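Each remark here refers to the structure printed beneath this line.
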Amino acid sequence: MEHHVVIEKLCSCAKKEEMAQITTYDAKEVAHEAAQTQLAYMQGHFCGKHEFQLVEVGDNFVIGMVGGCGCKG
């Protein structure tokens, strides 16, 4: 079974980093670990004008923005 990590909305920071909106993994544990790593990267390296949260939806993990996007791009 496939498990996905989905960035709900690609902000300009994610686009500058050329991040994929959906990545696919064979194991749920691997997908969860990848989602946590990606979330930490986004929170630590993006413009800081918004924050992100990780939500498990079924067998997938969605990284969504908390509030609006204030980054320029």
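For the subset of the range 1-56 comprising residues that are more than 20 Å from Gly67 (Cα to Cα) and polar (S, T, N, Q), which member is surrounded by the most Cβ atoms within 10 Å (Cβ to Cβ)? Only one residue tops the list, namely Thr23.
Among the listed residues Thr23, Thr37, which satisfies the condition of being of a type in the set (S, T, N, Q) and in contact with a strand residue (DSSP E or B) (Cβ under 6 Å, 6 or more places away or on another chain)? Sole residue among the options that is of a type in the set (S, T, N, Q) and in contact with a strand residue (DSSP E or B) (Cβ under 6 Å, 6 or more places away or on another chain): Thr23. Among the residues of the range 14-52, those identified as in a loop (DSSP other than H, G, I, E, B), of a type in the set (Asp, Glu) and on the phi < 0 side of the Ramachandran plot are Glu17, Asp26.
Where a number appears in this text, it was derived from the coordinates with a stated rule and is not lab data. Just so it is clear, the structure is predicted and the values come from calculations on it, not from any experiment. Every residue, glycine as well, gets a Cβ built from its backbone with ideal geometry; the counts of neighbours run over all protein chains shown.
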